[in-house]
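To start, the structure itself, in structure tokens.
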Amino acid sequence: MHDDGRYDDRRVSGPGGRPSADDPVSRETDYPGWSDSSSSARPPEGDPGVRRDVPGRPTSAVPANVPLAREPHDPTGGPAHAASARPAPVRGNAAVPGRYEVQPPVSDVPQQATPQAAPDVVAGVVVPSDTPPAARYAAESAASTYVSRETPTREEDDPPLAMEAMRAVQILNPSGEVTMPRPDRTRVMCVANQKGGVGKTTTTVNLAVALALHGNRVLVVDLDPQGNASTGLNVPHHTGVPDVYDCLIDSVPLEDVAQTVEGIPNLWCVPATIDLAGAEIELVSVVARESRLARAIAAYPGHFDYIFIDCPPSLGLLTVNALVAAQEVLIPIQCEYYALEGLNQLINNINLVRQHLNPKLEVSTILLTMYDRRTRLADAVEQDVRNHFGDKVLQAVIPRNVRVSEAPSYGQSVMTYDPGSRGATSYFEAAQEIAERGAKEPVSRNA
């Protein structure tokens, strides 16, 4: 039975297709043009042209001589004739008895929606069935090269512990092979930044260990009176130990104060003690005070591939000695605003040293440290630094990692403390990038 104003089921209709007296609700109130007006007057009881289907509520008035429309049925049970038409329904005006309006005839065949073909799915791409042939061919061609993003890659398919173990083996390099290119001459790099807490000492220690583990001969000169680089490499630097202070003030040869780093082949360290804190004052009256460290490095009989000089967070005579002795400056920059604020003064001092004391000095490397990817500030600082320095900024970025901070408390670098951590991986990538740049673009260095 279709509930659209017609009686298709003989079980619910009376003789002649009319509703039975037991049906309390007229089903003719759904045809087009019918309106339920609560303000219409109630027709008189004796009006023969008005039929009441619901007691107490007037419905559309239909004359008695107009038969109700019903869908013809085939006596054999077959489908009804498609050409059958429905008589025009008549709408009566309840306010004026006897006045009727004849509506236009409506087809007795129900309008059915045109069925739409279900779309095709080609390799995860929905292609409608009515797509032109040319567009369908293009979609199928693109789907032939489609690769699901849910397909795991090699790194995603392996367990996290397995990936961490692979990174640890790659960083520790137990075979001892030379996997990072060695430069033709010694590269003396000064790690400087007048702002404290930007990662100068951490960068010096981890880069030196990474290069030494992969076949390079590295020397670390701790020029900071705090002696943090000596602590990170587990080198004794208490009072009475020969240190860099003896080289600057008493002209002690550098080979007499250099110590081997335990557990790291090809790595040496010149420690710094608390005596170095008074070197700033004592160097004032010394002849050629700016080039004392440069002379000590030049007189060293051994050969190193890299010499890293860890500078104090100041622009005093110790930092000037490091700038005069080096040919390259590596500037760690913390991804915060204060680190950018003091960078201009450091560049000015480097330019002064280049003009008057060391014409070969240049800023060759910028390393972004303590990068927090959750903040927009870190991204903004990175963009500003890269726009200003260009290719001098390493692609490797050092993130904030608790393993990097924990390693010095055990007298180790993060490379040996937790080689599978994100901090160790980032410093390894930075060291590899520095080695590759030095091999492609040789820098004039002291022999």
*For R373, state whether it is within 19 Å of the chain's Cα centre (by Cα), at pLDDT below 90 and closer than 20 Å to L340 by Cβ.*
yes
*Considering only the range 254-313, how many residues are touching a helix residue (DSSP H, G or I) at 6+ places or on another chain (Cβ under 6 Å), among the aliphatic types (A, V, I, L, M) and over 23 Å from S413 (Cβ atoms)?*
5
*Failed condition for R422, given (1) of a type outside the set (V, I, T); (2) at positive phi; (3) without any contact (Cβ under 8 Å) to a residue 24 or more places away in the chain*: (2)
*For K200: the one exception among (1) at pLDDT 90 or above; (2) open to solvent by 70 Å² or more (accessible area, probe 1.4 Å); (3) charged (D, E, K, R)*: (2)
*Just to be sure, is D184 more than 37 Å from the chain's Cα centre (by Cα) and open to solvent by less than 60 Å² (accessible area, probe 1.4 Å)?*
no
*asked:* Just the residues that are part of a strand (DSSP E or B) and in contact (Cβ under 8 Å) with a residue 60 or more places away in the chain, please, taken from the range 369-385.
replied: T369
*Within the set of pairs 6 or more residues apart or between chains, which connect a residue that is among the acidic types (D, E) inside the range 335-363 to a residue that is surrounded by 15 or more Cβ atoms within 10 Å (Cβ to Cβ) and at pLDDT 90 or above with Cβ atoms less than 8 Å apart?*
E336/M370; E336/A378; E336/V381; E362/Q327; E362/E328; E362/V329; E362/R354
*From the list I333, I297, I350, which residue is within 29 Å of N216 (Cα to Cα), part of a strand (DSSP E or B) and not acidic (D, E)?*
I333
*Are there any pairs, at least 6 apart or on different chains, whose C-beta atoms fall under 9 Å, with the first in the range 168-183 and over 17 Å from G420 (Cβ atoms) and the second part of a loop (DSSP other than H, G, I, E, B) and charged (D, E, K, R), and if so, which?*
R182/R217; R182/D305; P183/D305; P183/R445
*Considering only the range 262-296, how many residues are open to solvent by 10 Å² or more (accessible area, probe 1.4 Å), within 47 Å of the chain's Cα centre (by Cα) and of a type in the set (V, I, T)?*
2
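The values are calculated or read from the model by the stated rules, or taken from the named source; none is laboratory data. Because the structure is a prediction, the values reported are computed rather than measured. So basically every Cβ, Gly included, is an ideal-geometry build from the backbone, and we count neighbours across all protein chains shown. Each accessible area value is taken on the protein alone, full model and side chains, heavy atoms only, with ligands, DNA and RNA left out. Shrake-Rupley method; radii C 1.70, N 1.55, O 1.52, S 1.80 Å.
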